[in-house]
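Each value in this text was obtained by applying a stated rule to the coordinates, not by laboratory testing. In this text, all values refer to a predicted model and were calculated from it rather than measured experimentally. Positions of Cβ are generated from backbone atoms using ideal geometry, with glycine treated the same way; all protein chains shown enter the neighbour counts.
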Amino acid sequence: MVEGRDDVIVSELAVTETVSAVARRLREGALTGDVVDRVGHALVAHLDAGRYRRVELTRDVHRLAERFLRDLTGTPLRALDALHLALATSARAASLASFDARLRAAARATGLVLYPG
């Protein structure tokens with residue numbers, strides 16, 4: 001995450017998915033439990049401290065995600081990826097940071113700039 005920027009938008013869903021990713025690395029033996037705990041706690045602490053702009057999952061975000069799932073037929077989105085995309089677009093984000101190829105393709109289709117480029 002990029003600290004010290006007021007234009008970085010983060011959701012609780014992104015925190016959960018980040019912890020999921022580092023926990024997978026723990027199961028694979030690439031990280032320690034301490035590192036996983038520190039990552040999770042740091043993300044939540046940064047959100048709570050207002051270092052990132054928080055965006056929430058709402059009914060409208062779910063409906064937008066469902067529309068993406070229906071309408072973006074050229075990109076086989078998963079439900080969580082559609083929710084991330086809906087969170088970004090509902091917050092009027094100009095760009096999206098992701099390493100997931102499907103989410104990146106869908107974000108590109110909606111006009112979002114991708115990071116990393």
Note to self: At R0 = 41 Å, how high is the FRET efficiency between Ala79 and Arg38 if r is their beta carbon distance? Nearest 0.05 is fine.
What the structure shows: 0.90
Next item on the list: Please give the length that would be gained between Val8 and His62 if that part of the chain were fully extended, namely 0.36 nm times their separation in residues minus their C-alpha to C-alpha distance (nm, one decimal).
Entry: 17.3 nm
Item checked: Per-bin percent of Cα-Cα distances, the range 9-55 [5 Å] -> 5, 25, 29, 19, 13, 8, 2
Check: What label, among [x] 15.0; [y] 15.8; [z] 14.4, belongs to Kirkwood radius over Cα pairs in Å computed from the structure on display?
Finding: [x]
Check: Could you give the angle, 0 to 90 degrees to the nearest 10, between helix 79-90's Cα long axis and the longest principal axis of the Cα atoms of the chain?
Finding: 80
Margin query: Test of understanding: what is the full-extension gain from Val113 to Ala49, defined as 0.36 nm times their sequence separation minus their Cα-Cα distance?
Written below: 20.3 nm
Next item on the list: Would you be so kind as to identify which of Thr89, Thr110, Val19 lies farthest towards the positive end of the dipole of the chain, taking Lys and Arg as +1 and Asp and Glu as -1 on Cβ and the Cα centre as origin?
Entry: Thr110
